[in-house]
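Inspection log for the structure reproduced underneath, given as structure tokens.
Each reported figure results from applying straightforward, stated rules to the coordinates on display, with no laboratory input. Everything numeric in this text was worked out from a predicted model, so none of it was measured. Here Cβ is always computed from backbone atoms with ideal geometry, including for glycine, and neighbour counts include all displayed protein chains.
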């Protein structure tokens, strides 16, 4: 991390500290830890808040246990705790509750002064957090004592889950000046915020890396590795923020939080395993796909077990996670070996990132079983850094480096490809001219709209010295650069064609295309138009042309490039001045709208007397799915 | 959005008791359908499958590349001496098949029953 980044981290912390210090400048006051003996009783009775209630028959408990009830002995349900203590002589008397991981209500001398969550009838509780409640004057008396009663709902599995966090705080209830209690709590919250700050930054980093990876996948759908990596990092980042929200707000209570969190972690683990699998092969190996599903199911079951309040199910499922973690680590090792061995650009950086992440996972979550004294977090200035966070951060930085490299390479390749397509388009413009020269006596009108930069449709208008004109319109099955290359081949053949007879022209083209169409074919319509209005037509599987708005059925041979022995019968018709012949490609009749409806023959026929551009525009507006070509030839009045 | 081509091979008999093989296609037929169209046809022994119906009644979309695959099947079947009938095409594609000259190799029928009865 560079000096600039360090400054970025330190600056908000200093500002935060200053603000907290100003807000909670500690006045001289008195506080009293309530670490004496508490009476407690399972059950629920509003009478137990009454200061005159006799709790002599209740069990007794020390204060630390108040904040951390041993789950082995205690079941979920409602409990009441009571203690009678001398009242501190302060004007702003308040009660400070430790970070209890359950819902509770606090009564002082029988009056409710505050609480967190809902105890009953529908318990809802939030992540453990200290709270301070002001004791109003009407809850105090002149006896010099206060009776504090706390009504607590303790959750089932979730209680145990959070017991670890509660243990480490070790705070028990305190009675005293509201000002000093608030100051103490604020100081501890500030320390917690500082603890959480690295996690927030790492969550942010994960989100950025994840979004970069997803953007890369959006641009190149052939690389699913970016999808899995993007999802894994986005879920990592999301989980980080989810934890932050849960521990600092009451936006979401514990049970829904655990369900959401388990879902996010399940998605994270599944995506991460698929990413590791995709490092081994483009389609993750079967074992990786199975592991992803099993791992996701196991974590989802953890959430379900907590929601159901079933400790036995929770423990059973949680124990199996060791196996899935070991399997993930082994898969990661295979991914690292594969990445390094393929010598892909930045493969070593990627391998370092994956390795760091895996080591941190094992360190943070499992190494304690064998080496309980190994530290899992380190202090760096005011911050506490967890090993798992450091591993994720290093992984994210490495992958960011790799992704940026790939992003730049992809952009470079796209630019090169774009230049090549542009060159191909210009060549095609020369081969298929936008404004072809006809012959005196005929007006030729054309429209050509490839579905990509270059197309598989073509037309040629070849005038001869005697005033006749050969018109050829065709369509290569398929589209794009491959079809455009075949168009160039066909146009070259047509320009060197010696015969003017449509049947011969098609036969010659057919033979020239045999073995060249890669399993496809070429449809082609051909018309020789003479000065006296004689029109000879032949058809190789092309859509029938239209004459003055009516379909002209020209008997067809098979499309070109399929059979050497194909023949093409000729049809002769006479055109009067004003007569119009219209050729279209299948991109017109097979234009499809969003509902899947075809433009069809009826619409095409109805428009066939219009200008070429009008027909083409209508088909394009309907929903272009293929190259569109329209050629109209109108015999002019003498 | 394009959907995958699926094909189901069924057997039936004509009035004379001779076997008819029915290839029921569904989904879209395009350049990516080579295995479904050509592959399925080639998996049928020409000796055992003399009469074949290609049924397109469940086909949602058929482009020129898909038609090229059908023509390839028809040419191969003609060389192998197999008879092929085509059924279930929409009026639009009946017209397209006619225009590309497919009817020289295989007659078109409105449904599978008519196609089978015509052998």
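Counting 0.36 nm for each residue step from residue A:380 to residue A:223 and taking away their Cα separation leaves a gain of 52.6 nm.
Taking only the alpha carbons of the stretch A:477-530, we obtain Rg and Dmax values of 11.6, 36 Å in that order.
Ordering A:135, A:56 by the number of other Cβ atoms within 10 Å of each residue's own Cβ, fewest first, gives A:56, A:135.
For the stretch A:207-290, what does the alpha-carbon gyration tensor say about shape, rounded, prolate or oblate, given a ≥ b ≥ c as the root eigenvalues, a/c under 1.5 as rounded, and a/b over b/c as prolate? The partial results should precede the final answer.
On the way: a/c = 3.86, a/b = 1.86, b/c = 2.08.
Oblate, since a/c reaches 1.5 and b/c is not below a/b.
Counting only alpha carbon atoms, the long axis of helix A:157-169 and the longest principal axis of chain A meet at about 60°.
The C-alpha atoms of chain B occupy a region whose extents along the principal axes are 42, 27, 23 Å, arranged from largest to smallest. Distance between the 7 Å Cα→Cβ label points at residue A:411 and residue A:613: 3.7 nm. Taking 7 Å steps out from each Cα toward its Cβ at residue A:290 and residue B:110 produces label points 5.3 nm apart.
From least to most packed, judged by other beta carbons within 10 angstrom and beginning with the fewest, A:634, A:206 follow the order A:634, A:206.
Spatial offset of the stretch B:40-96 relative to the stretch A:313-352 amounts to 49 Å, using the alpha carbon center of each. Note: relative contact order over the stretch A:191-412, using C-alpha pairs below 8 Å and six or more positions apart, is 20 percent.
The long axis of helix A:254-280 is offset from the longest Cα principal axis of chain A by roughly 50 degrees. Rounded to the nearest 0.05, what FRET efficiency do residue A:263 and residue A:283 give with R0 = 22 Å and r taken as the Cβ-Cβ distance? Could you check? It comes out at approximately 0.30.
Taking label positions 7 Å along the Cα-Cβ direction at both residue B:6 and residue A:319, the computed distance is 4.4 nm, reported to one decimal.
Projected over every direction and averaged, the convex hull enclosing the alpha-carbon atoms of the stretch A:432-635 yields 10.3 nm². Here the relative contact order of the stretch B:6-101, from alpha carbon pairs under 8 Å that lie six or more residues apart, stands at 29 percent. Straightening the chain between residue A:41 and residue A:348 buys 104.4 nm, computed as 0.36 nm per residue apart minus the Cα-Cα spacing. Mean sequence separation of contacting Cα pairs (under 8 Å, at least six apart), scaled by the length of chain A, corresponds to a relative contact order of 9 percent.
Counting only the backbone N, which residues of the stretch A:408-424 are under 17 Å from the spot 7 Å out from the Cα of residue A:215 toward its beta-carbon? It comes to A:408-415, nothing else. Note on the stretch A:191-412: the alpha carbon radius of gyration divided by the globular reference 2.2 N^0.38 Å gives 1.02. Taking a point 7 Å out from the Cα of residue A:518 in the direction of its Cβ, the residues of the stretch A:454-475 whose backbone N falls within less than 13 Å of it are A:456. Counting, for every residue in B:98-107, the Cβ atoms of other protein chains within 10 Å of its Cβ and taking the mean gives 5.
Taking the helices alone, chain A has a mean residue ellipticity at 222 nm of -16500 deg cm²/dmol, built from -39,500 (n - 2.57) per DSSP H run of at least 4 residues and averaged over all its residues. Taking every DSSP beta bridge that has both ends in chain A, the antiparallel portion is near 95%. Residues A:185, A:108, ranked from the fewest to the most other C-beta atoms within 10 Å, line up as A:185, A:108.
Seen from every direction in turn and averaged, the convex hull around the alpha carbons of the protein assembly as shown projects onto 47.8 nm².
Can you give me the Cα centroid spacing of the stretch A:465-538 and the stretch A:394-424 in angstrom? Rounded to whole Å, the Cα centres lie 41 Å apart.
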